Amino acid sequence: MAVKKGMEYTGTVERTDFPNKGIVFVDGEKICVKNALPGQKIKFTIGKVRNGRAEGNLKEVLEPSPIETAEPLCPHFGQCGGCSYQRIAYRDQLELKSGQVKRLLDNAAEGEYEFQGIVPSPTDRAYRNKMEFSFGDSCKYGELTLGLHKKGSFYDILQITDCAIVDSDYNTIIKCVVELAREFGLTYAHKLTHRGYLRHLLIRRATMTGEILVNLITTSQWTDGIITETEFMGKLRDRLKELNLNGSIVGILHSVNDDNADAVKAERTDILFGKDFLIEELLGLFFRISTFSFFQTNSRGAEVLYSTARDFIGDTGDKVIFDLYSGTGTIAQVLAPVAKKVIGVEIVAEAVESARDNTNFNNISNCEFICGDVLKVLDTIEDKPDLIVLDPPREGIHPKALDKIIAYGVDRIVYISCNPVSLARDLGPLQAGGYRLEKAKCVDMFPQTGHVETVVLMNKNFSEAKDHVQIGIDMKGMK
Ligand code: SAH
């Protein structure tokens, strides 16, 4: 390659590959510049050059993209590391994402398939039912802040006051908690030295029921002498309960986490008020969600996603279905009423417990959940599936697990994916195993960001080539 590390160029971004890789050509050479939007004129320097692939580092946007026409939704845009698509009108966001997924699938698919475009999220703002905020400061030795990481920064935390992708209740709660912490001069846990007290504030708010769970996560190093830790927690509980909110707080929790990694989790949790779970409703079913178990973060979007998956699955009467990577058992329970039996497999024990509780709660008796790694559990299940639903994490499916899945020889497999790159990769072995990609549809669960969910139907007996390829956006159903 003629380009060398450190060289500076300007260029126009040709396209963006999922999720945020801007593609620019310099003298015919392809450079990948992260966080650049299609059509932007940018200045960048060459970073890594390896195996004929060059990466560029974005220095400056010289001219905006023609699709950057929208007014940002919140005052934090530009500084905040979240929501990079706010300047793009929602319709254009959808087109961008479905185009990215289609490109990946077109390259991976052997033969024609039906691309059914993208379904928008029922709401493009205030859609999140969970958010994790961090404590820190906005600059070294600055005032205590509670919010989200500044764009490109590992340390600096931007004070959030008006986040647009959550209900205003979140902003009210953040303000209350940070003001109380400042009042008593509390410290935040420094990421490098691990000294200090406050770590994260995890808020869950069920969209359908309005139930709110607030969880303050700290280290065990209470060092602040004005009041005791117990007194502080009492004040926190009282102040939160006094707030005037759209929804209602059903639980206030305090978790302790001394682990060095920056993950939001707990070694111990005390209930300061109420209960340690909330109830959300999806498609007429109720789900009990605890603070740390996985649940789709856009409840209304999840209804669209699960309905799409159900449509793709088609006839399930009298069939045994495997729901692999089942989380809290949402998909299993959506399918159970129209199937003979559903078996869910999930690695996180807490999620499996919630899944079992939920089936009892919903009076569903034909679901069974097994805790363990899909790769191993499949060897122990005696039932044979007629249909398989896959919903793996970001990394996709372990190749050996995929071999075992293919070996069942079921006619249809529905694969739901939050990462179309790993989905496209997994299509390889599935096609080599005799499956054909019949149809695909995207569901936007993450408006204002570059993320998207994809549902595909793989069919063993699908031989007819369909040349019905389209990108469509069905804006019906949007608020
Ligand atoms: N289908 C669920 C959850 C999907 S997220 C829903 O829609 O809510 C993916 C799930 O896979 C997570 O709950 C994660 O804990 C689980 N998981 C990750 N690796 C796994 C493995 N090797 N075996 C089983 N489950 C796994």
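Could you check Arg310 against (1) surrounded by 22 or more Cβ atoms within 10 Å (Cβ to Cβ); (2) of a type outside the set (Val, Ile, Thr); (3) within 24 Å of the chain's Cα centre (by Cα); (4) part of a helix (DSSP H, G or I) and say which number it fails?
With (1) surrounded by 22 or more Cβ atoms within 10 Å (Cβ to Cβ); (2) of a type outside the set (Val, Ile, Thr); (3) within 24 Å of the chain's Cα centre (by Cα); (4) part of a helix (DSSP H, G or I) applied to Arg310, the lone miss is (1).
I'd like to know if the range 439-446 contains one or more residues that are free of Cβ contacts under 8 Å to residues at least 12 places away in the same chain and more than 22 Å from Ala332 (Cα to Cα).
no
Of everything in the range 285-321 that's more than 26 Å from Leu402 (Cβ to Cβ) and acidic (Asp, Glu), which residue is farthest from the ligand (Cβ to nearest atom)?
Checked the range 285-321; the qualifying residue farthest from the ligand (Cβ to nearest atom) is Asp318.
Which strands (runs of 3 or more DSSP E) does the range 314-433 wholly contain that include 3 or more residues that are touching a strand residue (DSSP E or B) at 6+ places or on another chain (Cβ under 8 Å) and either hydroxyl-bearing (Ser, Thr, Tyr) or farther than 22 Å from Leu104 by Cβ (or both)?
Correct list: 320-324, 341-346, 367-371.
Quick one: is Lys191 farther than 20 Å from Ser255 by Cβ, among the basic types (Lys, Arg) and in contact with an Asp or Glu (Cβ under 7 Å, 6 or more places away or on another chain)?
no
Do the conditions hold for Ile347, that is, is it more than 12 Å from the ligand (Cβ to nearest atom), in contact with a helix residue (DSSP H, G or I) (Cβ under 9 Å, 6 or more places away or on another chain) and not polar (S, T, N, Q)?
So Ile347 does not fit the description; no.
Please go through the range 373-395 and give me each residue that is within 12 Å of the ligand (Cβ to nearest atom), of a type outside the set (A, V, I, L, M) and buried (at least 21 other Cβ atoms within 10 Å of the Cβ), ordered by number.
Correct list: Asp391, Pro392.
Could you tell me whether the range 263-282 includes any residue that is in contact with a helix residue (DSSP H, G or I) (Cβ under 7 Å, 6 or more places away or on another chain), charged (D, E, K, R) and in a strand (DSSP E or B)?
Yes, some residue in the range 263-282 is in contact with a helix residue (DSSP H, G or I) (Cβ under 7 Å, 6 or more places away or on another chain), charged (D, E, K, R) and in a strand (DSSP E or B).
I need every pair where a residue in the range 425-436 that is farther than 15 Å from Asp411 by Cα has its Cβ under 7 Å from the Cβ of a residue that is assigned to a loop (DSSP other than H, G, I, E, B), sequence separation at least 6 or different chains.
Correct list of pairs: Arg425/Gly396; Asp426/Gly396; Asp426/Ile397; Leu427/Ala109.
Name the residue that is farthest from Ile313 (Cα to Cα), counting only residues in the range 402-418 that are within 11 Å of the ligand (Cβ to nearest atom) and surrounded by 21 or more Cβ atoms within 10 Å (Cβ to Cβ).
Ser417
Between a residue in the range 1-23 that is free of Cβ contacts under 8 Å to residues at least 12 places away in the same chain and any residue that is part of a loop (DSSP other than H, G, I, E, B), which pairs come within a Cβ distance under 7 Å, given they are 6 or more apart or on different chains?
Ile23/Val13; Ile23/Glu14
Collect the residues in the range 106-122 that are under 25 Å from the mean Cα position of the chain (by Cα) and in a strand (DSSP E or B), keeping them in residue-number order.
Phe115, Gln116, Gly117, Ile118, Val119
Can you give me the ranges of the strands (runs of 3 or more DSSP E) entirely in the range 12-102 with at least 1 residues that are on the phi < 0 side of the Ramachandran plot and under 28 Å from the mean Cα position of the chain (by Cα)?
Answer list for the range 12-102: 15-17, 21-26, 29-34, 53-63.
Being crowded, with 19+ Cβ neighbours inside 10 Å, under 23 Å from the mean Cα position of the chain (by Cα), outside the structural domain of Asn419 (by TED's automatic domain parsing) and within 12 Å of the ligand (Cβ to nearest atom) is the requirement here; does Leu324 meet it?
yes
The values are calculated or read from the model by the stated rules, or taken from the named source; none is laboratory data. Because the structure is predicted, anything quoted here is derived from the model rather than measured. Backbone-built Cβ (ideal geometry, glycine too); neighbour counts: all protein chains shown.
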